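Here is the structure we will look at, set down as structure tokens.
The values are calculated or read from the model by the stated rules, or taken from the named source; none is laboratory data. Note that the structure is predicted; figures quoted are calculated from it, not measured. Note: ideal-geometry Cβ built from the backbone for every residue, glycine included; neighbour counts use all protein chains shown.
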Amino acid sequence: MVRLTTLDEAVIWHDVECASYDVDLELWRSLAADRAGAVLDIGAGTGRVALDLAARGHDVTALDSDPALIAALTARARERDLRVRTSVADARTFDLGHTFCVVIAPMQVVQLMGGRSGRAAMLRQVRAHLENGGLFAAALADPFEDIPEQDLQPPLPDVREEDGWVYSSMPVLLRVEDESTAIDRLRQAVSPAGDLTESMNTVVLDRVSPDDLEEEAAEFFNVLPRRTVPEDSRYLGSTIVMLEAA
């Protein structure tokens with residue numbers, strides 16, 4: 001059986017499952033331009049949003065808890081001659097020592113905090129890193145909203161080809177609980193020689209609505225009108241909760 005290195009696995013599967021998503025980029029570009037100043041991208045991964053904003057001249061800091069993803073982001077920024085500050089840190093405990101005009105949390109990052117207490121910790125740290133009047137914009141999505149549990153169907157697989165390898169990540173089981181939704185994925189990698197490697201991965205998303213997040217943030221933020229990222233033929237839409245540092 002062919003096996004990828006740990007570094008390659010972290011980066012490759014993040015790219016397979018996240019990197020092709022671009023429906024929200026116009027929104028992040030608009031927010032960064034409207035609030036000219038430093039931007040913090042929480043859950044930056046391999047740089048899908050951070051590199052896009054840096055390429056447009058924004059002062060960007062990228063934060064992620066996975067050092068392999070940050071290493072890949074740093075290498076890609078160097079290859080493109082872009083300046084992006086990076087930090088390996090948990091969104092619930094990070095301390096960067098300076099503030100930002102805009103903090104963004106794309107792709108349901110705030111639904112990976114492990115429940116209400118984790119989100120509260122994240123909100124405290126975000127507020128501590130925002131200038132007065134600064135903006136925190138957080139994406140939320142419930143892929144199964146208004147769908148009876150018995151009618152739930154897994155999303156389509158994500159597929160990526162790179163250097164002769166073909167990678168596929170197929171959601172095979174959805175498990176809905178009171179406060180979370182677990183998505184079990186079958187990951188398959190086929191080498192140029194045709195060798196197959198398979199593994200399972202589970203992502204657990206907190207079930208939190210925009211109303212929930214706005215209520216939880218009331219201690220630290222003023223609530224602004226929400227924005228939306230529309231659904232298209234490949235991707236679900238999302239609601240962007242907009243919070244202004246009080």
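Here the condition is being surrounded by fewer than 17 Cβ atoms within 10 Å (Cβ to Cβ) and modelled with pLDDT under 95; of ARG80, ARG3, ARG56, ARG35, it holds for ARG3 alone.
Restricting segment 103-124 to residues that are touching a Phe, Trp or Tyr at 6+ places or on another chain (Cβ under 8 Å) and modelled with pLDDT of 95 or more leaves a set whose member that is farthest from ALA246 (Cα to Cα) is PRO106.
Might you let me know whether segment 85-93 holds any residue that is touching a Ser or Thr at 6+ places or on another chain (Cβ under 7 Å) and of a type in the set (Ser, Thr, Tyr)? So far as segment 85-93 goes, yes, one or more of its residues are touching a Ser or Thr at 6+ places or on another chain (Cβ under 7 Å) and of a type in the set (Ser, Thr, Tyr).
Yes/no matrix, rows are residues, columns are (1) modelled with pLDDT of 90 or more; (2) hydroxyl-bearing (Ser, Thr, Tyr):
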{"residue": "ARG175", "(1), (2)": "no, no"}
{"residue": "ALA182", "(1), (2)": "no, no"}
{"residue": "ARG185", "(1), (2)": "yes, no"}
{"residue": "VAL190", "(1), (2)": "yes, no"}
{"residue": "GLY194", "(1), (2)": "yes, no"}
{"residue": "GLU198", "(1), (2)": "yes, no"}
{"residue": "THR202", "(1), (2)": "yes, yes"}
{"residue": "GLU216", "(1), (2)": "yes, no"}
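Among the residues of segment 114-136, those identified as within 23 Å of SER238 (Cα to Cα) and buried (at least 22 other Cβ atoms within 10 Å of the Cβ) are ARG119, MET122, LEU123, VAL126, GLY134, LEU135, PHE136. The strands (runs of 3 or more DSSP E) found wholly in segment 9-114 and carrying at least 1 residues that are more than 15 Å from the chain's Cα centre (by Cα) and among the aromatic types (Phe, Trp, Tyr) occupy 100-105.
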